[in-house]
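Here's the structure we're looking at; comments come further down.
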Amino acid sequence: MTALVATIMTTGALAQNHELEGMLGKTIISDQGVLNVNLSPNNNLRFGKGWTFGANYGYRLKEGFTRLTFEVPAVFNLGEDLNFAANTIPESYKAYFVTPSIRANVFGRNAVSPWFSIGGGFGHFSPSSNLLFGGPSNAKSNTTGVMQFGFGLEVRMTEKLLLRGGVRDFWSGTPNLNVDTGKSRQHNYWVGAGVAWRFGKSY
């Protein structure tokens, strides 16, 4: 038992203090009701579940039972499809979010550990220049402040290779889509996983 504890502590002590993560998942956004219209079958603006790619840089701040990491998750949704009963909205939009954060891994020295993340940054929306059913759209791009909340599970495959999956909520302003939903902010739920590679000096 003593030897096992010593091995775990030694493995944690040798952890590299930098990491790069590649991320892949989907963005999920709830339907939004549109105000001041009366359409059939309903007045809802519907969002697709766009494939979302990302990268994450992390710097280890503290190693121990709770491992603290400064991270910069950046995710890119390259095709968020839209659906609405009237030809007033763009057919889709692109979005990206960059949110410097603090990630805490509980049981940080273990091979498997849950993680939690919180931070804030900015996001940018770029609507398509085409309307949903054809014709030009005049919807404009916009930039917004973003809060990020996340949780998930991390599995250490080797000293340098990690698997990390979970959910992140990028709570942002809303894109300009030529309709009034009465909302000024929306939840952009990223669900997916990533592979992280540790590097740099050990400690």
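With neighbours defined as other Cβ atoms within 10 Å of a residue's Cβ, the residues Glu159, Glu63, Glu80 order from fewest to most as Glu159, Glu63, Glu80. Near Val146, the amide H atoms lying under 5 Å from its own belong to Gly121, Phe122, Gly123; only residues 5 or more places off or on other chains count, and H is placed 1.01 Å from N. Per residue, the average separation of C-alpha pairs within less than 8 Å and at least 6 apart gives the stretch 60-107 a relative contact order of 47 percent.
Look at Arg46, Arg60 and count the other Cβ atoms within 10 Å of each Cβ; fewest to most, that gives Arg46, Arg60. Using only Cα coordinates, the Kirkwood hydrodynamic radius of the chain works out to 18.5 Å.
Close amide H pairs (under 5 Å, H built 1.01 Å from N) link Ile89 with Leu132, residues at least 5 positions away or on another chain.
Under 5 Å between amide hydrogens, built in the peptide plane, is the criterion, and for Asn176 it picks out Asn142 among residues at least 5 positions away or on other chains.
The simple spin-label model puts a point 7 Å past each Cα toward its Cβ; for Phe107 and Phe122 those points are separated by 4.0 nm.
Assuming R0 = 30 Å, can you tell me the calculated FRET efficiency for the pair Trp51 and Met147, based on Cβ-Cβ distance, to the nearest 0.05? E(calc), rounded to 0.05, equals 0.85.
For the chain, the relative contact order works out to 23 percent when only alpha carbon pairs closer than 8 Å and six or more residues apart are counted. Rounded to the nearest Hz, the phi-derived 3J(HN,Hα) couplings of the stretch 90-104 under the Karplus curve 6.51 cos²θ - 1.76 cosθ + 1.60 (θ = phi - 60°) are x, 6, 6, 8, 10, 8, 9, 10, 10, 9, x, 8, 10, 10, 10, where x marks glycine and proline. For the peptides 25-38, 164-177, the ranking by mean Cβ contacts within 10 Å, running from highest to lowest, is 164-177, 25-38. Considering only Ser101, Ala85, Phe125, the residue lying farthest towards the positive end of the dipole of the chain is Ser101, judged by Cα position with unit charges set on Cβ. What does the net charge come to around Leu35 if you take all other residues with beta carbon closer than 11 Å to its beta carbon, with K and R at +1 and D and E at -1? With Lys, Arg at +1 and Asp, Glu at -1, the net is 0. Phi angles across the stretch 173-188 convert, under the Karplus curve 6.51 cos²θ - 1.76 cosθ + 1.60 with θ = phi - 60°, into 3J(HN,Hα) values of x, 9, x, 7, 10, 6, 9, 9, 9, x, 10, 10, 9, 8, 8, 10 Hz, Gly and Pro given as x.
Counting other Cβ atoms within 10 Å as a rough exposure proxy, the listed residues Thr66, Thr52, Thr158, Thr143 run Thr158, Thr143, Thr66, Thr52 from fewest neighbours to most.
Helix 2-13 and the longest principal axis of the Cα set of the chain meet at an angle near 50°.
No lab work stands behind these numbers, since they all come straight from the coordinates. Source: prediction; values computed, not measured. Glycine gets a Cβ as well: all are built from the backbone with ideal geometry, and neighbour counts include every protein chain shown.
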